[in-house]
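The values are calculated or read from the model by the stated rules, or taken from the named source; none is laboratory data. Because the structure is predicted, anything quoted here is derived from the model rather than measured. Note that we place each Cβ from the backbone using ideal geometry, even for glycine, and neighbour counts take in every protein chain shown. We work out accessible area using only protein heavy atoms, side chains counted, and drop any ligands, DNA or RNA first. Shrake-Rupley method; radii C 1.70, N 1.55, O 1.52, S 1.80 Å.
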Amino acid sequence: MKAEIRKIIAMILLVVFCATAAITGIAVSAASHTNAASTATPDKADNAKPALKDGVWQAVYEDGKQELFFLNSEESSFSLIDPEYGIGVPSRYEYDSSTGIYKMQIAYDGNEERWRVIDNSDSAATVSNAQGDLITLYYLSNDTSDSFKYFTLYELCEMAKADYKANGGNDNVVFSGKMIADGSLFAKITGEKDGKTVATYTVDMISATGTDGDNNRVDLSGYSVKQ
């Protein structure tokens, strides 16, 4: 009789032990899943990418094309600097710091362009567009559209004309200009009657320095231009 009672007690204890172990295991498993979930889903702030700084940026594309633009985070706008027409109409953008993606609504054609920030520092950044092309950005200054100094294509052509005449050139010539791939402005001077090229200038639109057709250094910034 006593043996049977001891056996029953032992069985009860075994059942209690198994139940306790099972409950403990469930709690441990739940806790580990909770920890794993919190580790696998970091706060968005941990992945946040800094936005591009306000000011003037130079964009250099893989094909060599370059352009300048202003960025204004307070107004969520950017403006291209066209060498022929000057500062363009501001376009709007949205920036998602959790993904590093700029969504830009281009003002002049209504198209949307997307840039994804890959690297970003105080002086340079790398972004990719929707086609996967890499664009290198160089930070030039914290100027605004009111304070930034640069020369338009018209101004540089007039300055090249003044330099040409100051160095013995005649008046029977025609001046033309265009922006080339590296962002410089190219001015060509041709004879009025025969159309032959008599001089060329390749200069930077910000400093107005560069070279002439004989690869001599030129500085056109000292010439005044009257519109």
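Couple of notes before you dig in:
- Counted by Cβ distance under 11 Å from E75, the other residues give a net charge of -1, where Lys and Arg count +1 and Asp and Glu count -1.
- Amide H to amide H, with H built 1.01 Å from N, E67 comes under 5 Å of A59, counting only residues 5 or more places away or on other chains.
- Distant-in-sequence amide H partners of G100 (H built 1.01 Å from N, under 5 Å): K49
- Sum of side-chain charges, I135 neighbourhood, beta-carbon under 11 Å (Lys, Arg +1; Asp, Glu -1): -3
- Dipole of segment 106-205, positive direction: furthest Cα of S141, I180, G168, with charges on the beta-carbon: G168
- What you get for segment 109-227, charging only the Cβ of Lys and Arg (+1) and of Asp and Glu (-1), is a dipole of about 380 debye around the Cα centre.
- E67 paired with K165, simple spin-label distance in nm, labels 7 Å along Cα-to-beta-carbon: 3.5
- Per-atom-type breakdown for segment 54-136 gives carbon and sulfur 44% of the accessible area (1.4 Å probe, protein chains only).
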